[in-house]
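Below you'll find the structure, written out as structure tokens, and then a few comments.
The values are calculated or read from the model by the stated rules, or taken from the named source; none is laboratory data. Keep in mind that what you see is a predicted model, and the values were worked out from it rather than measured. Heads up, the Cβs are rebuilt from the backbone with ideal geometry, glycines too, and the neighbour counts pull from every protein chain shown.
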Amino acid sequence: MGETSWEDFIEHRILAPVEMIDLNVRNSQSTRGENAATPHARVDGRVRRLQPFASDNSNPAGGINSSAADMAKWMRVLLREGKLEGGSRLYSEETARELVTLVTPIPIPEPDPELSSQRMSFRGYGLGLNLHDYRGRKVVNHTGGLPRLFSKLTMVPELELGVVTNQESGDAFNAITCHVLDHCLGGPTTDWVAAYRSQPRAILN
């Protein structure tokens, strides 16, 4: 059997079956196309455009650059426990269970008073996914990113609900995600923008 690069394996064994076509798997191509995001950051008090990270040496650690539409396709596969649109499987039911089974417990911090609605009763890591609870529901999430380009995928499997955000500020994508979850859960709500702004190191401004 000949050698297969990580990029070719991901493209043929995962992305093609899911029909994720509006993306690439190489950092050197991350800004290809007219609709590609470009990195920005606050420099000397002003938001400025930065040069993109272009090294392909770290592709397996963060080289998949996707559109929102393709991220939604990937979330649907995760929420359907590996089932594809046509009824076949990308991965088995056993693998689906293992992905969201807690393997590594993580200590639970006490949130600041303004973020008290995020208090967890469990927290840990499964197989490549973070696991915790939010307002009584199991939440599965993970972030991904390159310098100044960050995304966060969050799912509530019980509700078949998924949220994807793309934002340079962790406070911002957490505020957006929690706002959407509050709306979809239909219970109590928190002004998350105000809550994160109140933090000592807040960068929501």
Legend entry - Residue that is acidic (D, E) and closer than 30 Å to N24 by Cα, where the choices are E93, E110, E114: E93
Inset, instruction - May I ask you to verify whether D112 is acidic (D, E), in contact with a Leu (Cβ under 6 Å, 6 or more places away or on another chain) and either at pLDDT below 95 or within 23 Å of N35 (Cα to Cα) (or both)? - result: no
Inset, instruction - Report whether or not N65 is out of contact with any Ser or Thr (no Cβ under 6 Å at 6 or more places or on another chain), at pLDDT below 90 and of a type in the set (S, T, N, Q). - result: no
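Residue-by-condition table, conditions (1) out of contact with any His (no Cβ under 9 Å at 6 or more places or on another chain); (2) closer than 24 Å to T104 by Cβ; (3) not hydrophobic (A, V, I, L, M, F, W, C):
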position: R119; (1), (2), (3): yes, yes, yes
position: L127; (1), (2), (3): yes, yes, no
position: V139; (1), (2), (3): no, yes, no
position: H142; (1), (2), (3): yes, yes, yes
position: P157; (1), (2), (3): yes, yes, yes
position: P188; (1), (2), (3): yes, no, yes
Inset, instruction - Within the range 42-78, track down each residue that is surrounded by fewer than 17 Cβ atoms within 10 Å (Cβ to Cβ), under 22 Å from L99 (Cα atoms) and either without any contact (Cβ under 8 Å) to a residue 12 or more places away in the chain or hydrophobic (A, V, I, L, M, F, W, C) (or both). - result: A61, A72
Inset, instruction - Return yes when N166 is closer than 21 Å to V25 by Cα, within 16 Å of the chain's Cα centre (by Cα) and not basic (K, R) and no when it is not. - result: yes
Inset, instruction - List the number of the failed condition for G82; all other conditions in (1) within 22 Å of F9 (Cβ to Cβ); (2) modelled with pLDDT under 90 hold. - result: (2)
Inset, instruction - Restricting attention to the range 82-99, report how many residues are closer than 18 Å to E19 by Cβ and in a loop (DSSP other than H, G, I, E, B). - result: 8
Inset, instruction - Quick one: in the range 170-202, of everything that is closer than 19 Å to F150 by Cα and in contact with a Leu (Cβ under 8 Å, 6 or more places away or on another chain), which residue is surrounded by the fewest Cβ atoms within 10 Å (Cβ to Cβ)? - result: V193
Inset, instruction - Considering only residues that are at pLDDT 80 or above and either more than 14 Å from L149 (Cα to Cα) or part of a helix (DSSP H, G or I) (or both), look in the range 27-45 and name the one that is nearest to the chain's Cα centre (by Cα). - result: N27
Inset, instruction - Quick one: in the range 144-163, of everything that is modelled with pLDDT of 90 or more and surrounded by fewer than 19 Cβ atoms within 10 Å (Cβ to Cβ), which residue is nearest to R49 (Cα to Cα)? - result: L161
Legend entry - Filter pass, I14 being surrounded by fewer than 15 Cβ atoms within 10 Å (Cβ to Cβ) and farther than 18 Å from G145 by Cα: no
Legend entry - the range 1-11, residues that are modelled with pLDDT of 90 or more and either surrounded by fewer than 15 Cβ atoms within 10 Å (Cβ to Cβ) or under 18 Å from G145 (Cβ atoms) (or both): T4, S5, W6, D8, F9, I10
